[in-house]
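Notes follow the structure.
The values are calculated or read from the model by the stated rules, or taken from the named source; none is laboratory data. Keep in mind it's a predicted model, so treat the numbers as computed, not measured. Using ideal geometry, Cβ is built from the backbone for each residue, glycine included, and neighbour counts are taken over all protein chains shown. Just the protein is used for accessible areas: all its heavy atoms, side chains included, with ligands, DNA and RNA removed. Shrake-Rupley method; radii C 1.70, N 1.55, O 1.52, S 1.80 Å.
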Amino acid sequence: MSDVDMMTAVVREQMGANRDQLQTLEPARRAPHLLDDHTVGRIKQVFGQQRDDMWLWVETGERWQAQDLTAAEAAKVDQYVAAVEAFAASNTVILALADELAAGTIEAKLAKSDLELGVETLAGALARQANPFPDASPVRVRHPLTADDTDEASWPWLTELVVGMAAPGEWDIVVIDDRLVVGLDAGGNPVYPVCRRAAEAIRLQ
């Protein structure tokens, strides 16, 4: 139990690294041919190993939960378990994206016929036209740092993630900025505000 704070910090650091990797890879979804088989294969290898080792983090939490804990210790263990669950979820998202990108690498594109490439290009263009900001896309939008700041022209451009399309031409976006944390969830993880923006107010990363 003396290591729970340290272990929680390590897991959150790893989760942050996964988030950074996801933000790096996400733009490639719109242009997967910029990647080659080796790069995508390396990503799948590294994060596949991370997935295979995930049971160690999970088992540690289960061992702690099985102990006779004080209320304070139980709360810390709950924070650790929540961090591990978020870490595992980020790993799953990265591996799924890597599988998606593997089908569109430069080598895969070269192996396809002109007709196949034309159909894929048209389908991709139609999909982007229907929803230019897919779920989990990293974007930038203006957002106030304080509730009393009503001057939209002064709002800074912040890095955020798309939650989903809320209505035609409008998207719900979570503002991932530590200056705007509105509280903690049951697992002790920060809760960020969600805003709604029209297409013209959103910039892709």
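Within the stretch 6-20, does at least one residue satisfy the condition of being farther than 24 Å from Pro190 by Cα and either of a type in the set (Ser, Thr, Tyr) or modelled with pLDDT under 90 (or both)? No, every residue in the stretch 6-20 fails to be farther than 24 Å from Pro190 by Cα and either of a type in the set (Ser, Thr, Tyr) or modelled with pLDDT under 90 (or both).
Among the listed residues Thr8, Thr60, Thr39, which satisfies the condition of being assigned to a helix (DSSP H, G or I), of a type in the set (Ser, Thr, Tyr) and either out of contact with any helix residue (DSSP H, G or I) (no Cβ under 7 Å at 6 or more places or on another chain) or open to solvent by 80 Å² or more (accessible area, probe 1.4 Å) (or both)? Of Thr8, Thr60, Thr39, the one residue that is assigned to a helix (DSSP H, G or I), of a type in the set (Ser, Thr, Tyr) and either out of contact with any helix residue (DSSP H, G or I) (no Cβ under 7 Å at 6 or more places or on another chain) or open to solvent by 80 Å² or more (accessible area, probe 1.4 Å) (or both) is Thr39.
Only a single item in (1) of a type in the set (Gly, Ala, Ser); (2) within 25 Å of Ala186 (Cβ to Cβ); (3) within 18 Å of the chain's Cα centre (by Cα) is not met by Gly48, and it is number (2). In the stretch 73-102, the residues that are closer than 12 Å to Val58 by Cβ reach residues that are hydroxyl-bearing (Ser, Thr, Tyr) and in a helix (DSSP H, G or I) with C-beta atoms within less than 6 angstrom, at least six apart or across chains, in these pairs: Tyr80/Thr8; Ala83/Thr8.
The set of residues from the stretch 168-193 being open to solvent by less than 50 Å² (accessible area, probe 1.4 Å), at pLDDT below 80 and part of a strand (DSSP E or B) comprises just one member, Gly183. Kindly indicate whether any position in the stretch 148-160 is aliphatic (A, V, I, L, M), at pLDDT below 85 and surrounded by fewer than 15 Cβ atoms within 10 Å (Cβ to Cβ). Checking the stretch 148-160: at least one residue is aliphatic (A, V, I, L, M), at pLDDT below 85 and surrounded by fewer than 15 Cβ atoms within 10 Å (Cβ to Cβ).
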